[in-house]
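S.K.: Structure in structure tokens, see below.
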Amino acid sequence: MKAIRYHQVGGPEVLRWEDAPEPVPGPGQVLVRVHAAGVNFADTERRRGLYDAQAPLPRILGSEAAGVVREVGPGVDASWVGRRVVALTKQAYAEAALAPVGELLVLPPEVSFEEAAALLVQGLTAYHVVHTVGRVEAGQTVLIHAAAGGVGLLAVQLAKAAGARVIGTVSGEAKAKLARDVGADAIIRYDQEDVAASVRELTQGRGVERVLDSVGASTWQASLDALAPFGHLVSYGNASGHPPHVEVELLYAKSLTVGAYWLHTPTPPEVQRKAREALLAEVVAKRLRIVVGLTLPLSRAEEAHRQLEGRNTVGKVVLLGAD
Ligand SMILES: NC(=O)c1ccc[n+]([C@@H]2O[C@H](COP(=O)([O-])OP(=O)(O)OC[C@H]3O[C@@H](n4cnc5c(N)ncnc54)[C@H](OP(=O)(O)O)[C@@H]3O)[C@@H](O)[C@H]2O)c1
């Protein structure tokens, strides 16, 4: 098969479209013909050697694949063949990828492969930062950084659905408009404005109850400054670099709490099932809008990475396999 691989860490140019051995499904696994592979910010960090750096090379990236089951491994019911599915997987930037049968989410006809490619990594992250770790409730005000990104647009909608008022931060007018379109009540242009001061203005000096921060180094202090007394900061990414160490002493004045979310934290299966089903049901009911901002053929993963790292994308970035 053809796949995107890299033989050394580095810039987007290390990604090569080349022949790779087609994986064979083992016990409990299926082989999915990939129609849409989700691109996530962490893929760019892996490629740069900043994350998951111990993985052997050459390596195929990609944590989620939507497509059709082509083969089943030993012990897997053959009726899976031909079904439309999406799954968290490894090595999704390829014409075919393996997935454990227990991880497959069957796609109803209303959900496209492109939309499905946003449901798991970004969808589950948005769900858990809003609900599981953020515990966002009606009446709260939530500050969501990078609000027009893949996770951001979903988190804005989930926080709104929970009854919160949402303030989003973005760079650029097009991103501001999109975040407003999906429901953000107010936008702060963090490339131009002082975030904490703007939050104080928007909240009559009080601050916000929650901050969802995936940007890290460049937003960290403003996130803490923007919180109201007893506020809670959820850290779940470092797009601008790692935030400084948390100085607990600095949390006392406002009795703040700082939490974190990582997709690979062992999660009780019933919690994960509920999250997956809730996301899928919301998409089917058209209450949750998945914005696919950029689609490119698999062979052009290099360009997808350039655009994502360059802050030029909105919503989901998807690599398309052949039909
Ligand atoms: N903890 C987890 O398990 C988990 C899971 C999924 C994603 N994440 C994290 O969540 C974040 C969002 O992921 P995503 O895939 O949805 O990406 P994304 O938000 O679509 O893209 C990243 C966005 O971050 C913003 N940004 C701010 N400073 C940046 C910088 N110095 N360089 C690049 N981007 C910068 C940009 O938006 P503006 O132009 O508006 O600033 C950019 O569009 C990432 O940090 C990712 O690592 C974490």
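S.K.: Place a point 7 Å from the Cα of Ser240 along the Cα-to-Cβ direction; which residues of the range 184-208 have their backbone N under 17 Å from it?
M.R.: Flagged as within label range: 187-200.
S.K.: Continuing with this model, one more query. If I take all pairs of Cα atoms in the range 134-260, what percentage of them are more than 18 Å from each other?
M.R.: When all Cα pairs of the range 134-260 are counted, 46 percent exceed 18 Å.
S.K.: Tell me, what is the FRET efficiency for Thr257 and Asp185 to the nearest 0.05, using R0 = 35 angstrom and their Cβ-Cβ distance as r?
M.R.: 0.90
S.K.: With charges only on Cβ, +1 for K and R and -1 for D and E, what is the dipole size of the chain about its Cα centre, in debye, rounded to 20?
M.R.: Computed about the Cα centre, the dipole is about 360 debye.
S.K.: Still on this structure: Among Asn238, Thr257, Ile290, whose Cα lies farthest out toward the positive end of the dipole of the range 213-291, if unit charges sit on the beta carbon of Lys, Arg (+1) and Asp, Glu (-1)?
M.R.: Value computed over the given set: Ile290.
S.K.: Want the number for Val24 to Glu137: 0.36 nm per residue separation, take away the alpha-carbon distance, what's left?
M.R.: Full-extension gain reported as 36.1 nm.
S.K.: For a test of the definition: using alpha carbon positions, the gyration tensor, and the 1.5 limit on a/c, classify the range 210-323 as rounded, prolate or oblate.
M.R.: Since a/c reaches 1.5 but b/c is at least a/b, the shape of the range 210-323 is classed as oblate.
S.K.: I would also like to ask the following. How high is the FRET efficiency between Ala55 and Thr267 when r is their beta carbon distance and R₀ equals 25 Å, given to the nearest 0.05?
M.R.: 0.70
S.K.: Radius of gyration and Dmax for the chain's Cα atoms, expressed in Å?
M.R.: Reported Rg and Dmax, both Å: 19.8, 62.
S.K.: Report the extension gain between Thr295 and Glu249 in nm, rounded to one decimal, defined as 0.36 nm multiplied by the number of residues separating them, less their alpha carbon distance.
M.R.: Contour length minus the Cα-Cα distance gives 12.0 nm.
S.K.: When the helix-only estimate is applied to the chain (DSSP H runs of n ≥ 4, each -39,500 (n - 2.57), divided by the residue count), what is the mean residue ellipticity at 222 nm, nearest 500 deg cm²/dmol?
M.R.: -7000 deg cm²/dmol
S.K.: With each pseudo-label sitting 7 Å past Cα toward Cβ, what's the Arg48-Ser218 distance in nm, one decimal?
M.R.: 1.1
S.K.: Let's see if you can work this out: charge +1 on each Lys and Arg Cβ, -1 on each Asp and Glu Cβ, no other charges. What is the dipole magnitude of the range 210-323 about its Cα centre, in debye to the nearest 20?
M.R.: So the dipole magnitude of the range 210-323 works out to roughly 460 debye.
S.K.: Report, ordered by chain and residue number, the lysines lying within cross-link reach of Lys90, taken as a straight Cα distance under 17 Å and ignoring same-chain residues fewer than 8 apart.
M.R.: Hits, sequence-local ones excluded: Lys2.
S.K.: Please list 95-108, 73-86, 275-288 highest first by mean number of surrounding beta-carbon atoms within 10 Å per residue.
M.R.: 95-108, 275-288, 73-86
Bear in mind that the values in this text are calculations on the coordinates, not laboratory data. As the structure is a computational prediction, the values presented were derived from the model and not from experiment. Because the Cβ atoms are built from the backbone with ideal geometry, glycine has one as well, and the counts that use them run over all protein chains shown.
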